[in-house]
Every structure is written in C-alpha cells, then in structure tokens.
1. Assuming R0 = 45 Å, can you tell me the calculated FRET efficiency for the pair Ala28 and Val186, based on Cβ-Cβ distance, to the nearest 0.05?
2. List the residues whose amide H sits under 5 Å from the amide H of Glu83, counting only those 5 or more places along or on another chain, with H placed 1.01 Å from N in the peptide plane.
3. Please give the length that would be gained between Leu310 and Arg365 if that part of the chain were fully extended, namely 0.36 nm times their separation in residues minus their C-alpha to C-alpha distance (nm, one decimal).
4. Given R₀ = 35 Å, FRET efficiency for Asn297-Lys435 by Cβ-Cβ distance, to 0.05?
5. With θ taken as phi - 60° and the coefficients 6.51, -1.76 and 1.60, list the Karplus ³J(HN,Hα) couplings across region 391-405 in order, rounded to whole Hz; mark glycine and proline as x.
6. Modelled label-to-label distance, Arg394 and Val466, 7 Å Cα→beta-carbon offset: nm?
7. Using a 1.4 angstrom probe and counting only protein chains, how large is the accessible area of Tyr166 in Å², to 10?
8. Leaving out ligands, DNA and RNA but keeping every protein chain, what accessible area does Asp21 have, in Å² rounded to the nearest 10, with a 1.4 Å probe?
Amino acid sequence: MPAITNNSQQQPATANAPDLDRIKRNVAKMVDMGAPEGDIDLYIAEEGVTLDAVKAHKLPSVSSAPATAGGRPQIIDVPGMGEVEFPAGMSDAEMSAAVRRSMSQQQPQPQAVGGYRGDVNGTGGSTLLGALDGMSFGFADEIGAGISAGVDTGLNYLTGRQGKTYEQHLTKLRGLQANAQENHPVANFAGQVGGSLALPGGAAKTLKGAVGQGIAAGAAYGAGSADGTAEDRVLGAVFGGGAGAAGSVAARTIGNAVARAGARRAIPTTEALEDASHALYDAADAASVVFQPKTVNKMVGNAKLAAGRLDTNIRPRTAGVVAEFEDKAGRPIGLREFDDLRKTVTLSMDGASKEDGRTLTIIKRQLDHLADNLTASDVGGSIEGVGHLKEARRLWSMKAKSEDIGQMVERARTTAAGNGSFENALRSEFKALAKNADKLKRFSSAEQSAILGVARGGLVVNSLRVLGKFSPDSPFLALLGSGAALGASGGIAAVGVPLAGMGAKTAATAMTRGRVRALDEVIRSGGQTVGDIVRQGRLGQGIGAPAAARGQAITDRALLPLALTAAELEAMRR
C-alpha cells in the first residue's frame, strides 16, 4: 500500500488566492468517501471560499492518459487525518481504500481484562459465573481450579498427556470472573445475589441468632472472595463478617416489616365484612330455618316479664318493642325476621332514657342468649342455618363498629379544622365513648382496653402533649406573648423551643392515630392485633400465613456480602 503522509502544513499554490482546483478535487474525494455534509461545509469554510464558488469553478481538462511516476502528487484533505498526499496516478477507489485501511489500523484495540481481550463470557455466562460465586461463598474459582487440576492429573496418569496445574486453572477462572465483572457488571452482580439467596436459609428465631449466622456466612464469603495472600483472606473475613451481621439485622427488620404489612392487608375491610355478612344471611335463609311457635312464645313471654308493668309515658320505647314481640306470638318466624327483631331492640336502645335503657338491655341479652343456645327442638329446617346466622351477625357487628370508629375520626377532623388540634379532638371523641357505658358494652374486652388507651393516652403520649403546648400554633404559647418571654432568654431558645414543641405535637398526634388504627384493625380482624396475626401466620395458621412466609423468607436469607477482591481490600488498607 502506498504510504500516507500528513502534509497539513503545505502552503497553497497561490499565496493571495485559494486554489479552487485543489479544493474542488478534495471535495469530490470527500463525497466519494461518504464524508458528512457538515464536514464538507466546514472544510470549504476553512479554505476561505464559499460553496457556490466551489460549485461554479470549472476544473481544467486533463489528459485521460495515466500520470507518470514523476507526475504531481495529489493532496486530499481527509477528515480526522488532515491533508494527505497520495502518489500521482492513484485512482479514487485506491485512495479511498488506502484511507479506510489506515483508519482501521488506528482504531484502539479493546483492553485485555483478566488476560482476555474483549467480552468472552456474554451476558448469560457472566450471570452464571456470578451465581456460582454466590453459591460457593466466593470459593468458586478455587473449587473449579481444584476439580480441573484433578481431572488433568487423572488424564496424565491414564494417557501421559501433560495437563495444566492448579495455579494455571485458578488464573484462568479468575480471569474469566474479572472479565465478566468488567463487561457485564449488572448481570454478574445479579448472579451473585441470586446465588447467595439460593443458599439454605437459617432457622434462627432471635435477633442474636440471626446476627451470629450472618457473621459466620459473611466471614466465609469474604474470605473466599479475597484473592491473594492469607492476610487478604483474613481481612476479607473481617469485612465479610461485619457485612453479614449488618445484612442479617437489615433482613430481619425488613422481613418483619413485610410480614406486618401483609398481615394488615389481609384484614378484611368494612366492605368485605358487609359482603360476607350478606352472603351468610342468604345462606341462612336458604337453609329454611324457622323458630318453632313454642320457642317464639317463650321469647315473647320473657320480653313481657322483663318489661313488667308498662307505662307508655315512662318507658315508651320498651312498650313499642314489647308490641313488636306480641305480633309474632303463636307462629313460626324465620331467621331474618328474628334478626330484624333484635335490630329493633338495639336501635331502640340508642338515646333511650335510663328506664327504657335498662329494660331494653335485658331484652337484648335474652335474645342473644336464645340465639347462642338454640337446640334442634327450638327450630325447624337445617340447623346449619343457625350457624350461618350467628356468623353473619358477628361480621355485621365488626363492620358496624369499624364504621363507628371511622365516623369518630371524621368528627375529630372536622373539629380540628376549627382549633387546629386533631389529637385533642380525637381523644375527646374516645373519652366520650369510654364514658358511655351502654355504647362501650358493644365492644369486646380487648377493644375496650384499646379505646381506653386512646382516651387516656399514656406516659409517653401525655409527655409529648405537654411539650406540644410550646408549638408555634398552640394557644398556650400565644399566652406567653407570642414567644416574647422565650425571645428574652436568647435566640436559640426562641427558635428551638417552638420547633421542639412542633415536633412533640406531631409525634403525639402520630402515636394517637396509630392507636386508633390498631383499634380498628383489632375490630375488623375479630379481636386480633397485627402481632397476633403474624405470630399465627408463622405457625402456618390464619389470614397472615402467606405474609408471614414472605417475611420469613427474607429474614432467613439475609443478603450475603458480595466479593471483596484483593485490589479492593488493598485500597481499603491504603
């Protein structure tokens, strides 16, 4: 190939005028070689001429005979190379080929990584190498080299063929791993994580046990991943053990959070409770269960006995309920009709006088006792329908109580819109409920304890409420002259105390709202806290079993520390 020499310093043939012959020939060469239009326009501008001048210029006619060896050399301005001198008589095709060959020889060659040039593993191979590294605690290269060297030793014994040594195989495998990390870092990282998670999970039941397992696994991984001297491996074990301990704590925390979040999602909503209750009511009706006339007569007689001598002026609601009972005497009634009668008593109790309230409470208890203790002789039809009715009533009660809590929260929100203290308004609502004995009886003992907890607060919440009085929007701080007293004590107190008060108020509100949410969850779950649901789920029982299994999978498979190479460890030491 003719040599290409750079002649970028050559002066134009005419000092005062551009050499349009040369310029036009160079433009023609650039077009032939596929140069971008922008490069051509830039070249023309650098020559100090216009595109129109180049187009209008007529080249002198030349002989079609080939140029002699002593002819005038051709000078072409090649983008990226400058002005290049070509021998006389060289055709356009030959010059283009010469430029392409020269440029290809100047392209940088890929740098060798791990003794290999370019990508030798591919995405799949890099992922596989990472997975093997994770599954072997970082000893994949040593294990692979040992197996390969053993095979070579056996073949040498059988065939006499000299194979590679352990060190040669180890160098090769480490080179492949380094190449994979350089060319496909994401795929190799994913493989390492997947391989680590594929290891058998621990069975530690406590945080202390989980940390111990994390230290052991992390130390093994760090030692295996640190290539080099014994000192490198000891340092890798130290770093790996620390990472393993941190990973175990993090995994346990995340696993517990996943289990609790899943348990909360598993608790039925009020809409789900309503739908389930309606379905059970329908199932009870389909069972064709009816209360026998003798049972109805007994129910009516007990209600009249509880009411005693009626006076419509003193106990008007009791009189109305007893009249409802008497209308049903002497005939069978269905489950729906019985439940409607019970609802009538319950609604009559709301807002009743003390005299009416006492009597109606007794009548309601009689109905509940009858429904809970029915025998086959008390009803006609399938006795299974009675069970459907009981469960439907239970679900409906859960749904109704949850809606009551939601209404209390909304009333507190409306009240807070006036004075800005949502936490105070919320506690006031629950104090009113706690003081109403009749309404409080609707709730179970666990639910009543939670209601009292919201109403009374507690040491931490009440302490935060006191500090919250120093919040900038607190009336108490306004009584101090909008912080004038604090301002007199110094700038830090004037700013710091209101900020602390604001933080305390926010924390108290969050804790109170958290207690209300916990109460609502207990109601909708039928008396279980989220913690109860998680604990049962870990035993494979209840609605929290799937979430507990997901959380336990994370806890038992703490993410093992990734490889710490000798170079990284050396950098840490420096």
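1. Values: r = 48 Å, r/R0 = 1.06.
The calculated FRET efficiency here is 0.40.
2. Asn7, Ser8, Val78
3. 17.9 nm
4. 0.35
5. 5, 4, 5, 5, 5, 5, 5, 4, 5, 5, 5, 4, 5, 4, 5
6. Using points 7 Å along Cα→Cβ, the separation is 4.4 nm.
7. Approximately 80 Å² of Tyr166 is accessible to the 1.4 Å probe.
8. Result for Asp21: roughly 40 Å² accessible.
The values are calculated or read from the model by the stated rules, or taken from the named source; none is laboratory data. All of these numbers come straight from a predicted model, not from anything done at the bench. Neighbour counts run over all protein chains shown; Cβ positions are idealised from the backbone, glycine included. Only protein heavy atoms, including side chains, enter the accessible area calculation; ligands, DNA and RNA are left aside. Shrake-Rupley method; radii C 1.70, N 1.55, O 1.52, S 1.80 Å.
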